[in-house]
Amino acid sequence: MKASLFGGRREVNISEFNGIVKNRESVWNLVTDILKKEEYLVSLKSEENRLNNLYLSLLPWKELDVPLDFAGTQKTVFQYGTIPSIVDWNSVVAELTEKIPNSYVERINSDKDQHYVFFIVHRENEEECLSYLQSKGYSRATFSGLTGTVAENIERINGRISEIMSEREKTIEKIKNMAGHRSEMEVLYDWLLMEKSRLEATEKFIKTKKVFMIKGWVPERNAPDVKKLLESKFVVYVEIEEPGKNEEFPVLLENRGIAETGEPVMKMYSLPSSREIDPTLLWPRFS
């Protein structure tokens with residue numbers, strides 16, 4: 001059996017509605033808890049993306065067995081970086097050895113874009129060594145805040161990503177377990193919308209100690225009778241105005257015959273704009 005094209009709204013009896021409104025603080029706490037869990041999921045995803053990017057940046061250096069925070073000794077400088085792959089590596093090694101005997105350079109890895117290298121040089125020759133390498137396109141690589149070897153950091157990253165996956169699954173499961181309270185949250189949502197509408201309506205009142213003014217809408221055909229009735233029963237002045245040129249006004253559906261049967265469906269979802277055609281006029285074509 002196919003599901004109904006239009007699902008009906010759930011009915012709530014007055015006692016259930018009042019009970020949820022009375023205990024709205026506890027329902028709101030559930031909503032807040034879900035929102036916090038969603039924020040946590042976002043933070044986990046952000047951390048996972050950061051770790052994946054860090055993993056990819058470390059991967060070419062995997063064979064470097066020197067701690068990433070090592071910068072040399074009292075008399076030597078240790079540094080690592082990249083050189084464009086279009087540069088002939090053998091010539092770099094030969095020329096650097098010839099120009100600066102107190103230096104050592106080694107290639108860790110290469111790909112289609114660059115060579116991954118490190119060098120050791122006596123501190124007295126540091127500037128000369130850097131000047132030569134930079135002439136070959138050398139760019140220093142840094143991994144601020146990381147300690148230990150690349151392999152150790154990759155292991156830590158993989159471990160943390162596994163933890164994140166586990167935490168994500170647990171958090172999602174906790175949110176699913178709150179599904180039983182969905183109807184209460186929906187009722188609270190509807191009540192809050194009604195309260196919002198009520199407060200917005202009170203802002204339309206202009207009042208003093210003895211008089212007040214209120215604006216509202218009434219069907220055009222009923223306007224004269226409403227004015228006559230109000231002025232006959234109360235000390236009141238009623239003024240009738242046409243809607244402004246671009247002013248939106250409430251929609252009142254009025255159809256006869258088979259088109260009228262489409263009105264409940266239309267009201268269940270959303271009424272057309274005051275400037276649009278009434279879709280229920282097309283209802284007979286689809287009936």
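The values are calculated or read from the model by the stated rules, or taken from the named source; none is laboratory data. Not measured: the values here are computed from a predicted model. Please note: Cβ atoms are built from the backbone with ideal geometry, for glycine as well, and neighbour counts cover all protein chains shown. The protein model used for the area step is the full one, side chains on, heavy atoms only, and it has no ligands, DNA or RNA in it. Shrake-Rupley method; radii C 1.70, N 1.55, O 1.52, S 1.80 Å.
When every residue of segment 125-145 is checked against the conditions, at least one turns out to be within 30 Å of Gln74 (Cβ to Cβ), without any contact (Cβ under 8 Å) to a residue 40 or more places away in the chain and of a type in the set (Val, Ile, Thr).
Summed over segment 132-190, residues that are among the hydrophobic types (A, V, I, L, M, F, W, C) and in contact with a strand residue (DSSP E or B) (Cβ under 8 Å, 6 or more places away or on another chain) total 2.
Taking the criterion of being surrounded by 11 or more Cβ atoms within 10 Å (Cβ to Cβ), under 15 Å from Met213 (Cα atoms) and not charged (D, E, K, R), the only residue of segment 224-235 that qualifies is Leu230.
Any idea which of (1) over 25 Å from Tyr116 (Cα atoms); (2) touching a Leu at 6+ places or on another chain (Cβ under 9 Å) is the one Leu54 doesn't satisfy? For Leu54, the failing item is (1). May I ask you to verify whether Lys75 is in contact with a Lys or Arg (Cβ under 7 Å, 6 or more places away or on another chain), open to solvent by less than 70 Å² (accessible area, probe 1.4 Å) and more than 15 Å from Ser139 (Cα to Cα)? No, not satisfied.
Just one of the listed residues (Asn102, Asn53) is surrounded by 10 or more Cβ atoms within 10 Å (Cβ to Cβ), polar (S, T, N, Q) and touching an Asp or Glu at 6+ places or on another chain (Cβ under 9 Å), namely Asn102.
Listed here are the helices (runs of 4 or more DSSP H) enclosed by segment 107-215 that have at least 1 residues being touching an Asp or Glu at 6+ places or on another chain (Cβ under 6 Å) and exposed (fewer than 13 other Cβ atoms within 10 Å of the Cβ), and there are none.
Against the definition (open to solvent by 80 Å² or more (accessible area, probe 1.4 Å), over 30 Å from Gly19 (Cβ atoms) and modelled with pLDDT of 55 or more), how does Glu248 come out, yes or no? For Glu248, the condition - open to solvent by 80 Å² or more (accessible area, probe 1.4 Å), over 30 Å from Gly19 (Cβ atoms) and modelled with pLDDT of 55 or more - is met. Looking only at residues of segment 32-50 that are in contact (Cβ under 8 Å) with a residue 12 or more places away in the chain and under 17 Å from Ile154 (Cβ atoms), we find that the one that is most open to solvent (accessible area, probe 1.4 Å) is Glu47. Evaluated against (1) assigned to a loop (DSSP other than H, G, I, E, B); (2) open to solvent by 40 Å² or more (accessible area, probe 1.4 Å), Val87 falls short on exactly one condition, (2).
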